[in-house]
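To start, the structure itself, in structure tokens.
Values in this text are rule-based calculations from the coordinates and carry no lab data. This one's a predicted model, so the numbers in the text were calculated from it and none came from an experiment. For neighbour counting, all protein chains shown are included, and Cβ atoms are generated from backbone atoms with ideal geometry for every residue, glycine included.
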């Protein structure tokens, strides 16, 4: 679609086109982040240790404020937030000794990092 403009209007048109591209890119990034965060939550939930079920059912996705093209999401355990570090890294027992950690968050985190980058590249490639 060609449009005739005067030379004085060239800079305004370029700025307008760049803003349109930025808005489209922001929408793509936001939808990618939402999609990957849901998948990551499901991965953490599936790999979580189950004793009574409260810990594994407590995982949720929280959308942070999005401004200036920054889209962030936090996946956290809302029911038992203090257990995440203890179960992931291990802890000392009351009478002595140590409980080994059960790694269940780190694999999902590394998946999310790789996948979000690949998904954004895929969407922004023309």
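So which residues in the stretch 1-15 are part of a helix (DSSP H, G or I) and either farther than 21 Å from residue 125 by Cα or in contact with a strand residue (DSSP E or B) (Cβ under 7 Å, 6 or more places away or on another chain) (or both), if there are any at all?
Residues satisfying the conditions are 7, 8, 9, 10, 11, 12, 13.
Of the residues in the stretch 73-88, how many are out of contact with any helix residue (DSSP H, G or I) (no Cβ under 9 Å at 6 or more places or on another chain) and over 29 Å from residue 29 (Cα atoms)?
Matching residues across the stretch 73-88 total 3.
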